[in-house]
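**Student:** Structure below; questions to follow.
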Amino acid sequence: MANPTLSAQDLRALEGQAAQAEMSGRLDEAARIWERIVSAAPSHAPALFSLGQYSLRKNDPGRARHWLEQVVRADGRDPQQWLSLAVACQGLKDEAGEEAALQGALKADP
């Protein structure tokens, strides 16, 4: 459920905290912060992408796919979003999904 009490300023502050946690190697803490952001802003592309990357690092391609499918629906302009989705699909042995994601990457950056 979305948390409407977070202002744009609050979201920016949380983004900074998550980025700092990532840079310091506190990935679990960063993921919790990104999840809080997504609860308040469900189409927040940086948070969705970071959660997808976190899930890939944790060797959870199913969860990664969940987040990465959301980010390409919300944004999809960055080919890295699509390439990461392709990696998640590859981890799930979903060749059709992998190919579709690669095609999405090509459309995002011909």
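**Student:** Just the number, please: carbon plus sulfur as a percent of the accessible area of the chain, 1.4 Å probe, no ligands or DNA/RNA counted.
**Tutor:** 51
**Student:** Take Thr5 and Ala19, extend 7 Å from each Cα along the Cα→Cβ direction, and tell me the distance between the two endpoints in nm.
**Tutor:** It works out to 2.6 nm between the two label points.
**Student:** Then there's this: In percent, what relative contact order does the chain have, based on Cα pairs under 8 Å that are 6 or more apart in sequence?
**Tutor:** Relative contact order of the chain: 19 percent.
**Student:** Also, I was wondering about something else. List the trypsin sites (Lys or Arg not before Pro) within region 46-110 that DSSP assigns to loop and that have no more than 15 neighbouring Cβ atoms inside 10 Å.
**Tutor:** In loop regions of region 46-110 (DSSP not H, G, I, E or B), the sparsely surrounded trypsin sites (Lys or Arg not before Pro) are Lys58, Arg77, Lys93.
**Student:** Along region 29-40, what does the Karplus equation 6.51 cos²θ - 1.76 cosθ + 1.60 (θ = phi - 60°) give for ³J(HN,Hα), rounded to whole Hz, x for Gly and Pro?
**Tutor:** For region 29-40, the Karplus curve yields 5, 4, 4, 4, 5, 4, 5, 5, 5, 5, 5, 8 Hz.
**Student:** With every protein chain left in place, what is the accessible area per residue of the chain in square angstrom, probe 1.4 Å? Before the final figure, lay out each step's value.
**Tutor:** Values: 6430 Å² over 110 residues.
Per residue, the chain has 58 Å² of solvent-accessible surface.
**Student:** While we're here: Could you give the size of the charge dipole of the chain about its Cα centre, using +1 on the Cβ of each K and R and -1 on the Cβ of each D and E, expressed in debye and rounded to the nearest 20?
**Tutor:** Its charge dipole is roughly 180 debye.
The values are calculated or read from the model by the stated rules, or taken from the named source; none is laboratory data. Being a predicted model, the structure only gives us computed values, none of them experimental. Cβ sites come from the backbone with ideal geometry, for glycine too, and all protein chains shown count toward neighbours. Remember, those area values only see protein heavy atoms, side chains included, never the ligands or the DNA or RNA. Shrake-Rupley method; radii C 1.70, N 1.55, O 1.52, S 1.80 Å.
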